[in-house]
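Data block below; observations after.
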Amino acid sequence: MMNRYTDHDIHVLTERYFEGLTSLEEEAALRRMLAETRETSPDILEAKAVLGFFAMASAPVRRKKRIMPAVWRVASVAAMLAIVVSLGWMLHQSPGYERSNMLAYIGGVRTTDADVIEDIIFEDLSYVREAGDVVSEDIYSDFNIITEEFND
Amino acid sequence: MKRGLIIIIVMMMAAMISAKGRLSVESLFKGRFLSDKNARVTMVSGTEQLRQNYLSDYRSITLQKPSAEQVEDMEKAINADAKNLSDREMSYKDGQLYYAFLFFDGDDEYDNRYVIYLNQLPRKGNKVVLIYLEGPALPQTVKKMLKND
């Protein structure tokens, strides 16, 4: 394919370009000419640099398509499911999950009666208190035995 | 790759949170004792009475005339929790765990935990009581609460 322009045409068009007089069609033509010409005069080199820069800047950036390996996709879905399930499980296990903050099962029967539950707590704590006293007495008694042996 | 790493980190964090020092005795409050005819299970949280004692959570299991298997289950859970615990009081009678007071110091001052256990069987009683407490209360506060009940 023969060039339908001369070196003179390139210089004229370059000059018009730097003067801001070129149309879009002329700029496109100038780009083609600059790509094809072997001219190395300063104005042509400058035009090549400027137009090349703008061509780069205006060219749509072609992002490399991210291809996620199938294993990672499956792992991601599994991980998200695991997170959702564990959060749900944690919420379910939390004592605050129950609407009522007082709950008891007596012989397998559920109750939220505050008076009944308070009585249970009172009773349970009294058993433990008794045991604590017994253990304290045992410790005291053990110390006494050791002290007696030590003094003999 | 980056997203995968983030997911793994999030999963690890979730696992750490969910596994945060779960005690063996906690599983007893969700198990078969809830439907046992000879069991009484209590779960209380956030009441004014608890707050007055610097507690946020109270749970207990009382077994009336427990089977040997039930006592064994309780003892196993308590021994597992007491393992490597320095702050504990455990008393045995006739080869059986009679009384235990375990204190689990929380990561921060608000999540101390206590396990208190009593088995009356070696002393001719017929009850086994397990209490789990949670809250900022210090051991002396809990002991005081037990004494002043």
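Taken together, the values in this text are just the output of simple stated rules run on the coordinates, not laboratory data. As the structure is a computational prediction, the values presented were derived from the model and not from experiment. Note that we place each Cβ from the backbone using ideal geometry, even for glycine, and neighbour counts take in every protein chain shown.
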If you bin the C-alpha pair distances of chain B every 10 Å from 0, what whole percents do you get? 10, 36, 33, 13, 5, 2, 0
Which residues make up the longest stretch of chain B clear of trypsin sites (Lys or Arg not before Pro) that lie in a DSSP loop with no more than 14 other Cβ atoms within 10 Å, not counting the sites? B:38-82
Give me the one-decimal nm value for the distance between modelled label points at A:PHE18 and B:GLN49, 7 Å along each residue's Cα-to-Cβ direction. 9.4
Quick one: which residues, 5+ away or cross-chain, put their amide H under 5 Å from the amide H of A:TYR5? H built at 1.01 Å from N. none
For B:TYR54, other-chain or 5+-apart residues with amide H closer than 5 Å (H placed, Pro excluded) are none
Long-range amide H partners of B:LYS93 with built H, under 5 Å: B:TYR98
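Give B:LYS93/B:LYS144; B:LYS65/B:LYS144; B:LYS93/B:LYS127 a once-over and call out the pairs whose C-alpha atoms are over 22 Å from each other.
On the way: B:LYS93/B:LYS144 24 Å; B:LYS65/B:LYS144 29 Å; B:LYS93/B:LYS127 15 Å.
Listed pairs above 22 Å: B:LYS93/B:LYS144; B:LYS65/B:LYS144.
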Does anything in region B:79-102 have its amide N under 15 Å from the 7 Å Cα→Cβ label point of A:SER141, and if so which residues? B:91-95, B:98-99
Counting other Cβ atoms within 10 Å of each Cβ, which GluC sites (Glu not before Pro) in region B:74-149 have at most 12 and sit in a DSSP loop? B:GLU109
Can you list the HN-Hα couplings for region A:78-83, worked out from phi with the Karplus curve (6.51, -1.76, 1.60; θ = phi - 60°), rounded to whole Hz and with x for Gly and Pro? 4, 5, 4, 4, 4, 5
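Can you work out the FRET efficiency for the pair B:LEU34 and B:ASP94, with r the C-beta to C-beta distance and R0 = 30 Å, to the nearest 0.05? Before the final figure, lay out the partial values.
Details: r = 29 Å, r/R0 = 0.98.
The value I calculate is 0.55.
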